[in-house]
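Visitor: Structure in structure tokens, see below.
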Amino acid sequence: MPHPDTTLLPAFRAGTRGSRALAGVVSLSVVAALAACGPSITTGEDDEAPQPAETVASDPNVLQAPSEESPSGEITIWDRSGDLFNVFDAVIDDFNAKYPDIVVNHEAVDIDAKLQNALITGTEVPDGVFLDDAKVAGFADYLWDLSGVLDPYLADIAPQKVDVASIDGAVYGVPFDLDPGLLYYNATALEDADIDATQIETYDDLLEVARQYKEARPDSGPIHLEQSAFLGQLQLEMYASQLGTSMADADGELRLDSPEYEQILTFLDTVRAEDLGTRAEYLSPTDIETLESGEQVLYPWAIWFSFATQQLLPETAGDWRAMPLPAWDAGGPRSGAMGGSSFVLPKEGESSELAWLFYEFLMFDEAGYTAVWRPNDVYPNGLNTSIPSYLPAMDGPALFGPVDALGGQALWAVAVEAGKEIPGGAPIPPWWAGAVDYLGNDLQRMLDGDLTPAEVLAQSTQDIQANLVDRQ
Amino acid sequence: MTTTALPTTRRRPVISRRPLGATVGVQVFLVLLTLAFLSPVVWALVSAFKPAASIISAPLAFDPSALTLENYTRMFADVPIGRGFMNTAVVLVIKGSVTLFFAPLAAYGFAKYDFPFKNLLFGTVLITLMLPTIVLIIPLLLEMKALGWVNTYQALILPGAVDAFAVFWMRQVIAAVPDELVDAARVDGCSEIGIFTRIVLPVIRPAMAGLAVLTVMNIYNDFVWPVVVASSSRMATLQVVLSTLAQNITGNRIDADYATVTGELLAAASIALIPLLVIFILLQRHFINGILAGSVKG
Amino acid sequence: MTATVAPPAPIVVEPTPHRGGKSRLRRAGAPYLFILPFLAMFAAFGVYPMIFTLRLSFTSWRGSGAAEWVGWGNYTYLLQGEAFWASMANSAVLWLLIVPIQLTIGLVVAVLLNSAKVRLRSFYRVAFLVPFVTPLVAVAQIWTVVFDQRFGAVNTALNALGLPDIGWLTTSTWAKPTLALLFLWKTTGFIVIILLSGLQSIDASVYEAASLDGASRVRQLWSITLPLVRRTLLFALVLQTLAVFQMFAEPFVVTQGGPYGSTTTAGLYLYNHITRADLGTGAANSFLLVIFVMALSLLFVRLLRSEDK
């Protein structure tokens, strides 16, 4: 059988010396030629040069509002596919009533997957994008500074929302929804156990109620414990925001190792240790099943849990109610923010000023925000998974009606009241999502019983510092 | 042990060997293995006809009376699967043809000729094979942008059109083709390209069939690059459509609870599976023909 | 009988007089022409990104603006950090769980298919390739549902046998084997095809002669098939090693690298840099991976290469 004299990896056989030398020359010249493509490489010292102070009007990073009477053009708006897409889509007509010459191309996009690529390569960059607050700071380099155009409204926007979108005085997002945390509870199931949940005022009270419920129903795990690392971290930040703190302060310094976080983690650890919780991923089949069966009756979560009560829990429809979160210390704030999104405007968008008009209408014009939250096909009584972050809207008449799934409860009033209690001072660092690998996972390990609260804080602080903060 | 060449062997002498396949043990083994390979897919195909909620709550239950088309109807209403098929078909035909001709051609050049820098060039090919493709995506995307090719067919077809792995594999195969064949053809006055088309290609037909199978699979199932470079609804390939659908499983979509979207996904996946199976079954014949037509071994 | 490759230079036989000089030119120019299409594509879409990535690995580019030169900074960060080595370890464990089993089963099946009756053979070939053909997104969803701790088909079956639930995808202990199973299930059919192609290049006459000499089935397998298919086995080995260490889509879609990073493979760890816009580190990571895999492949070639007779 003939076999040629070649092997699998000829490159590793001795090549001729000549070809090796030539290879060196060739590759150098190729590298040199390609040096023109791609990002310019600096040594980093140039960054130290002092910049002349720029006024808002002359700063090229700050968006200027259009000045024409009736601006015209086309804008591309990205939203996540889903119920919210339909909601915003329905508002375009109202927008065009005010600005008839602006055409809105509304696209449902997997923003998490596509935005970064679009921004990095500058291809098909939308004019406006719906973005989770947790991610806004991470994209700041690509976005317009909106402090100029937002200036007239800033004082009237919930402070928490301004904080999360701000870095060094620049604001990178138009705040959309305020998502106050609420305590959702299965009133019917609790009443059957002779418990009045409305008496709960602090987290200690919550533990008490859980213990009582567990006595009445030994197979239960009354309090929800989140199993997804990402959402667990988000919920943790909700608890922290109640205490006016967050992972990092405005300067980007970590402040995890603090009495506030210690208090929160001890609470969660207690729920675990005393077997008072049901551990499940948000709205996974296990979660749903235990919610329907009455094993899980206390869900401290953002307002958007109401979606589940309306769409996913048919058996317990009408049993659920919402109330403000317990406070950490008697008399303390009874809500924190969990999640929430803003609209960002990429600098490379073609018609960013027009996109600004769109969002200005949506958020600050009464016709706009009424249209967003009003009843539609998806939410017959109005969009009730969030409230506006614009104070005049919050103070106005209820934009959505009572929620049947919550027994006809006036969720608007509860949410607005809670929203006003959210302290500010909780900025979101650009590496927030990256921290899930450390803090999010460590939190889950604690809920597995493998780490103590102190260990979680120490370990996460160390890891986040070394891997995220120091490498910014 | 000496072997004698039997140049007139045209068919595999199956008869002269005790058919291995006859052993009961072997048959049982193969059947069990087949069951193992097919059962998840069969489960998916069957479950696509079950009411969505029961896919999750009673995965092993099978109630013939409760079979429904609801997953399919919902899927066709919500998911642009026709568009996905069309785009995938275009890319498949063009990119597939390019690979199947130019890859063996290049492999032939590497395998049967000696020229300066041959080893160096081939070495570079190898290194690229080892480089995780994910990181190459950002520079490739920048390139597509510079060329204005984002969301175009070119972007889906050209990068990787002549696949390095295909060249690598075919080079393997062609290297094993006896040099005498090539030399004899040359002596007979065959042009260089003629040697390739008339001598080499027919000889490596089984491997080509294998390459065809692989190429079709890879192009059909490719999803990372298409998602990145051509995910507008106009250009979405089948895989992009499917992954968008999968993303909805945890998204906040109305009537899109976990079970419903899973049902839709299983329905979509079943539909996506069928053309590939058909193509593959058809290619099977070529596979067998390639073997029976005889490979000339000397 | 061995063949030698005739050097292209002096051509001894000139078939017809008028073809003289042209034939030599054509012969010398032919290889360049043949590899040109491939090389052109390769240079444009393979070499350029590769070099770009190399440059990138020495910077701290975050996707916008200028890229700051950091020299070996990214490399030292990776090599001195735990996470990189953990991801390599995860990939190594997965390799151990996947490759030996896959090559063994693959070879056995390929040998069986090579000799079985024709009709059954094509059925089996199709059957084994079905997983490879199924879109990954669907497979991932199937795996997630089938191996769900509470509702999955597997645990339901276990419960029926009186066994407790196992957290297939939710515990560090079981996530890797479950993922390995996914990869095995998905790609073994492909390996069978490759090995089959290799087996079919073995001359039937060799087996004939051995049968005539009285060698048993198994003996034939051992002394004839194995050595002759060595080259193809090596090829498959290198291929799957590459695949396992680059494995990214499967853990990404099924486990997102969890639980607790136990299924964060080398490929996925690399991807995580990119999603965090830490592109320089991602680039450095990929070259480290390349070097490692190259070294491993070299090792395999050295270990398994034998004199071809």
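The values are calculated or read from the model by the stated rules, or taken from the named source; none is laboratory data. Here the structure is a predicted model, which is why all the values come from computation and not from measurement. Because the Cβ atoms are built from the backbone with ideal geometry, glycine has one as well, and the counts that use them run over all protein chains shown.
Visitor: Can you name the helices (runs of 4 or more DSSP H) wholly within segment A:84-159 that have at least 2 residues being free of Cβ contacts under 8 Å to residues at least 12 places away in the same chain, of a type outside the set (Phe, Trp, Tyr) and crowded, with 20+ Cβ neighbours inside 10 Å? First the steps, then the outcome.
Guide: Values: elements: A:111-121, A:133-136, A:147-154.
It comes to A:111-121.
Visitor: Name the residue that is surrounded by the most Cβ atoms within 10 Å (Cβ to Cβ), counting only residues in segment B:154-170 that are out of contact with any Lys or Arg (no Cβ under 6 Å at 6 or more places or on another chain) and at the interface with chain C (Cβ under 7 Å from one of its Cβ atoms). Break it down stepwise before answering.
Guide: We begin by selecting, within segment B:154-170, every residue out of contact with any Lys or Arg (no Cβ under 6 Å at 6 or more places or on another chain); these are B:154-156, B:158-160, B:162-170.
This time we only want the ones that are at the interface with chain C (Cβ under 7 Å from one of its Cβ atoms), so: B:158-160, B:162, B:164, B:167.
Working: B:Leu158: 19, B:Pro159: 22, B:Gly160: 24, B:Val162: 25, B:Ala164: 22, B:Val167: 28.
Per the stated criteria, the residue is B:Val167.
Visitor: Further question on the same structure: Within the bounds of segment A:395-406, is there any residue that is within 24 Å of A:Gln311 (Cα to Cα) and among the aromatic types (Phe, Trp, Tyr)?
Guide: Going through segment A:395-406, the residues within 24 Å of A:Gln311 (Cα to Cα) turn out to be A:398-406.
Cutting the leftovers down to among the aromatic types (Phe, Trp, Tyr) gives us A:400.
Yes, that holds for at least one residue.
Visitor: Still on this structure, please answer the following. Residues being of a type outside the set (Val, Ile, Thr) and without any contact (Cβ under 8 Å) to a residue 12 or more places away in the chain: count how many of those fall in segment C:142-171. Can you show your working first?
Guide: Initial filter on segment C:142-171 (of a type outside the set (Val, Ile, Thr)): C:143, C:147-153, C:155, C:157-165, C:167-169.
Okay, now just the ones that are also without any contact (Cβ under 8 Å) to a residue 12 or more places away in the chain, so C:151, C:153, C:157-164.
Qualifying residue count, segment C:142-171: 10.
Visitor: Does segment A:321-344 include one or more residues that are touching a strand residue (DSSP E or B) at 6+ places or on another chain (Cβ under 6 Å), over 22 Å from A:Phe267 (Cα atoms), outside any loop (DSSP other than H, G, I, E, B) and of a type in the set (D, E, K, R)?
Guide: Yes: segment A:321-344 contains one or more residues that are touching a strand residue (DSSP E or B) at 6+ places or on another chain (Cβ under 6 Å), over 22 Å from A:Phe267 (Cα atoms), outside any loop (DSSP other than H, G, I, E, B) and of a type in the set (D, E, K, R).
Visitor: For B:Ile279, are the conditions met, namely being surrounded by 15 or more Cβ atoms within 10 Å (Cβ to Cβ), of a type in the set (Val, Ile, Thr) and modelled with pLDDT under 65? Lay out the reasoning, then the answer.
Guide: Working: surrounded by 15 or more Cβ atoms within 10 Å (Cβ to Cβ): yes; of a type in the set (Val, Ile, Thr): yes; modelled with pLDDT under 65: no.
Criteria not met by B:Ile279.
Visitor: Being away from chain A (no Cβ under 14 Å) and under 23 Å from B:Val213 (Cα atoms) narrows it down to one residue among B:Val98, B:Val173, B:Val125; which is it?
Guide: On inspection, the qualifying residue turns out to be B:Val98.
Visitor: Hey, could you check segment A:174-203 for residues that are under 23 Å from A:Trp328 (Cβ atoms) and surrounded by fewer than 16 Cβ atoms within 10 Å (Cβ to Cβ) and say which is farthest from the chain's Cα centre (by Cα)?
Guide: Per the stated criteria, the residue is A:Asp196.
Visitor: Conditions: (1) more than 29 Å from A:Ala413 (Cβ to Cβ); (2) crowded, with 23+ Cβ neighbours inside 10 Å. A:Ser293 meets all but one. Number of the miss?
Guide: (2)
Visitor: Please work out which residue is farthest from B:Ala267 (Cα to Cα), limiting yourself to segment B:26-67 and to residues that are without any contact (Cβ under 8 Å) to a residue 40 or more places away in the chain and crowded, with 20+ Cβ neighbours inside 10 Å.
Guide: B:Leu30
Visitor: Also: Tell me which residues, restricted to segment A:261-289, are part of a helix (DSSP H, G or I) and at pLDDT below 95. Lay out the reasoning, then the answer.
Guide: Going through segment A:261-289, the residues part of a helix (DSSP H, G or I) turn out to be A:261-273, A:285-289.
The answer is A:Pro285, A:Thr286, A:Asp287, A:Ile288, A:Glu289.
Visitor: Given (1) within 11 Å of chain A (Cβ to nearest Cβ); (2) in contact with a helix residue (DSSP H, G or I) (Cβ under 8 Å, 6 or more places away or on another chain); (3) at pLDDT 80 or above, identify the lone condition not met by B:Leu142.
Guide: For B:Leu142, the exception is condition (3).
Visitor: Can I ask one more? Just one of (1) touching a helix residue (DSSP H, G or I) at 6+ places or on another chain (Cβ under 8 Å); (2) more than 23 Å from A:Ala158 (Cβ to Cβ); (3) modelled with pLDDT under 95 trips up A:Leu443, so point out which.
Guide: The number of the failed condition is (3).
Visitor: Would it be correct to say that A:Glu74 is part of a loop (DSSP other than H, G, I, E, B), surrounded by fewer than 17 Cβ atoms within 10 Å (Cβ to Cβ) and among the charged types (D, E, K, R)?
Guide: So A:Glu74 fails the test.
Visitor: On to the next question. Considering segment C:253-268 alone, what residues qualify as being facing chain B (nearest Cβ under 9 Å) and more than 15 Å from C:Ala86 (Cα to Cα)?
Guide: If the condition is that a residue be facing chain B (nearest Cβ under 9 Å) and more than 15 Å from C:Ala86 (Cα to Cα), then C:Val253 is the only one that fits.
Visitor: Here's a follow-up. Residues that are over 30 Å from A:Gly440 (Cβ atoms) and buried (at least 18 other Cβ atoms within 10 Å of the Cβ): does segment C:277-291 have at least one?
Guide: From segment C:277-291, those over 30 Å from A:Gly440 (Cβ atoms) are C:290-291; that's our starting set.
Then keep just the ones that are buried (at least 18 other Cβ atoms within 10 Å of the Cβ); that gives C:290.
Yes.
Visitor: Based on this model, can you work out whether C:Val108 counts as under 20 Å from C:Ala236 (Cβ atoms), surrounded by fewer than 19 Cβ atoms within 10 Å (Cβ to Cβ) and either in contact with a Phe, Trp or Tyr (Cβ under 6 Å, 6 or more places away or on another chain) or within 11 Å of chain B (Cβ to nearest Cβ) (or both)?
Guide: Numbers: under 20 Å from C:Ala236 (Cβ atoms): yes; surrounded by fewer than 19 Cβ atoms within 10 Å (Cβ to Cβ): yes; either in contact with a Phe, Trp or Tyr (Cβ under 6 Å, 6 or more places away or on another chain) or within 11 Å of chain B (Cβ to nearest Cβ) (or both): yes.
Considered against the rule, which asks whether it is under 20 Å from C:Ala236 (Cβ atoms), surrounded by fewer than 19 Cβ atoms within 10 Å (Cβ to Cβ) and either in contact with a Phe, Trp or Tyr (Cβ under 6 Å, 6 or more places away or on another chain) or within 11 Å of chain B (Cβ to nearest Cβ) (or both), C:Val108 comes out as yes.
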